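Undergrad: Structure in structure tokens, see below.
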């Protein structure tokens, strides 16, 4: 049976109003010239700003975020890749790979994500899948798997091709997925890096041209892109005080300035409001047949992103399935749901903070039911059989006596 502990909501809201008494002056929405844009919380995906977020556009080299995902999920970073002639002929920005040149997956990823090397993307694609076409199939399969429904890839580097497109919303989703990978984060936060090459030893330093990554406070990724057809594109990431935002701009004349405007808007007008954390008890519930009540803790940090001064729009609702003893530490007992303007934003599982054994009375009854009661039933059946046997014997003796009397 599910029951809702609504009293808990009032307590949390009262606490929120105390914690968030300090407010900031809200600014108007950012003025950006990009055709499409979005700003999201990096963990929950909560949208803070959106402009034509679901409009399909070519996305240039931001494509390489998905390329990196596929490579990281299918390769060891220390594997050695041999560049093909096809990879060496890839146009525009690159490493100038030579046919037969050997370079590690790690260094190719670094060159692809920092310098935006197109030939590195092709070399990686051929190493993983055997061909660019088969690699594109892997990219599309992954996009569908993580929910990027308005995205289709034709190549691993983002050079313009018919049928190669995405949306601001999908690219944010793909970026948020990639940001869960430590190796990806380690590369994209760098503004320059040194790589090892078997040929062309003079070209071993790759440098980012992102002024956002170089100059913006808290910037830690992720990828720029440009083609004539796509315009200037950028997927950005920045972290302040443990709170990370992800932005996307497509078809912009100044993607770096647009990204800075989005991030400024997010960090100035919103804040991360932590509602529950694993190290802090969330609430207490009764345990049917237990020695004591049970304290519940969330399995992860639960929070919403809210505008300063709008904390009263936050609601927290626990839904508990009343547990029956015995309960073990870590057992899932319910769910804690966070709402903003009555819209579900995020949730966390509620887990038992410790063991709860059965009460003595219940334990005694269970013992009786498991041992004493079956024993009593067995003795009753045995007695019944003995009584039936005695009755049958008495009847035979009576019959024999009656026969002797008749004679």
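Undergrad: If you average the sequence gap of Cα pairs under 8 Å that are 6 or more apart and divide by the length of the range 204-361, what percent do you get for the contact order?
TA: On the way: 330 pairs, mean separation 26.0, N = 158.
Relative contact order comes out at 16 percent.
Undergrad: For the range 36-253, max minus min Cα coordinate along each principal axis, in Å, sorted largest first?
TA: Sorted from largest, the Cα extents of the range 36-253 read 47, 36, 31 Å.
Undergrad: What's the ranking of 205-212, 247-254 by average number of surrounding C-beta atoms within 10 Å, highest first?
TA: Sorting 205-212, 247-254 by mean packing, highest first, produces 247-254, 205-212.
Undergrad: Right, something else. May I ask you to order 190-199, 124-133, 109-118 by the average number of other C-beta atoms within 10 Å around their residues, highest value first?
TA: Packing proxy ranking, top to bottom: 109-118, 124-133, 190-199.
Undergrad: Going by average Cβ neighbours within 10 Å, how do the peptides 261-272, 307-318 rank, with the highest at the top?
TA: So the order, starting with the most tightly packed, is 261-272, 307-318.
Undergrad: Would you mind calculating the relative contact order of the range 36-253 from Cα pairs under 8 angstrom and at least 6 residues apart, reporting the percent as a whole number? Present the calculation step by step, with values, prior to reporting the outcome.
TA: On the way: 490 pairs, mean separation 58.2, N = 218.
It comes to 27 percent, rounded to a whole number.
Laboratory data are not the source of any read-out in this text; all were calculated from the coordinates shown. Quantities reported herein were computed from a predicted structural model and do not represent experimental measurements. Methodologically, a virtual Cβ is constructed for each residue, glycine included, from the backbone with ideal geometry; neighbour enumeration extends over all protein chains shown.
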